[in-house]
Structure formats: C-alpha cells, structure tokens
1. Pairs, please: C-beta under 8 Å, at least 6 apart or cross-chain, first residue free of Cβ contacts under 8 Å to residues at least 60 places away in the same chain and among the aliphatic types (A, V, I, L, M) and in region 3-31, second assigned to a strand (DSSP E or B) and surrounded by 13 or more Cβ atoms within 10 Å (Cβ to Cβ)?
2. Spot the failing condition for Leu85; the list is (1) more than 17 Å from Cys4 (Cα to Cα); (2) of a type in the set (A, V, I, L, M, F, W, C); (3) in a strand (DSSP E or B), and only one is missed.
3. Of all residues being of a type outside the set (Gly, Ala, Ser) and assigned to a loop (DSSP other than H, G, I, E, B) in region 24-44, which is most open to solvent (accessible area, probe 1.4 Å)? Just the residue, please.
4. It is to be established whether one or more residues within region 45-55 are open to solvent by 60 Å² or more (accessible area, probe 1.4 Å), assigned to a strand (DSSP E or B) and not aromatic (Phe, Trp, Tyr).
5. Report, ordered by the first and then the second residue, all pairs with beta carbons closer than 9 Å, sequence separation of six or more or different chains, a first member in region 54-82 that is in contact (Cβ under 8 Å) with a residue 40 or more places away in the chain and farther than 17 Å from Lys101 by Cβ, and a second member that is surrounded by fewer than 19 Cβ atoms within 10 Å (Cβ to Cβ) and hydroxyl-bearing (Ser, Thr, Tyr).
6. Hey, could you check region 6-23 for residues that are open to solvent by 70 Å² or more (accessible area, probe 1.4 Å) and not in a loop (DSSP other than H, G, I, E, B) and say which is farthest from Leu60 (Cα to Cα)?
Amino acid sequence: MISCSIDLSNECNLACKFCLSKKHLKKGEFLPAATIYDLLEDLYQMGVKSIVFSGGGEPLLHPNFDDIIIAANSVFKIGLFTNGLELHNHIDILKRFAFIK
C-alpha cells in the first residue's frame, strides 16, 4: 500500500518541553485548504491509497479540518496523529479514521 503523511498545521495547543517541533511552531500557521485539496487530487492520481494526517503542530486545530477529512476519506483510507485535546470538537468525523494515535 502506498501511503502519505500530510502536516496540516504548525500550530499547537500544548507547550511540551520535549517537543521536537517546538522551534517550528507558529500560531495560526496552517497549510491552505486549497493547497490540500489540490494535493489530495495529485496523490489520488499517483495511486496513493492512504493518508495520515499529522503535523508539526496539532492537525485538529486546522480551521477546515472536518471538510478536509470528508474530502480525503471519499477516496483514501485515513489515519490521524493527535495530542487528543480537541477530539471532543470533532466527534462526528472520528468514525472516518482507520486509526487515531
């Protein structure tokens, strides 16, 4: 299976001392939704079968997270890496993921 990881965000809602991405975190820095939709189309055309959504920051903070997940899940199996603090704001979308870590 061909898989790809997409980092949706460089914003995080924690300040972990051990964070490897800490020096790259920036408030309000998200991959633009239009870029993500174009990327999803390109990945589909290349034969990618699954996508893991992660981030240098927290992917659930992306302002278009739910819409992006719905679009991606229409053609890919999807997974999520998260710190879990925002899961309660996305309950209806969680069933779309093959895994959440």
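1. Every condition considered, the pairs that remain are Ile6/Ile51; Ile6/Val52; Ile6/Phe53; Ile6/Ser54; Leu31/Ile6; Leu31/Asp7; Leu31/Ser9.
2. Going through the list (1) more than 17 Å from Cys4 (Cα to Cα); (2) of a type in the set (A, V, I, L, M, F, W, C); (3) in a strand (DSSP E or B), Leu85 breaks only (3).
3. Of everything passing the filter in region 24-44, Lys27 is most open to solvent (accessible area, probe 1.4 Å).
4. no
5. Correct list of pairs: Ile68/Tyr37.
6. So, considering only residues that are open to solvent by 70 Å² or more (accessible area, probe 1.4 Å) and not in a loop (DSSP other than H, G, I, E, B), the one farthest from Leu60 (Cα to Cα) is Lys23.
The values are calculated or read from the model by the stated rules, or taken from the named source; none is laboratory data. Only a predicted model underlies this, so the values are computations on that prediction, with no experimental measurement involved. Backbone-built Cβ (ideal geometry, glycine too); neighbour counts: all protein chains shown. When the accessible area is computed, the model is the full protein with side chains, heavy atoms only, and any ligands, DNA or RNA have been set aside. Shrake-Rupley method; radii C 1.70, N 1.55, O 1.52, S 1.80 Å.
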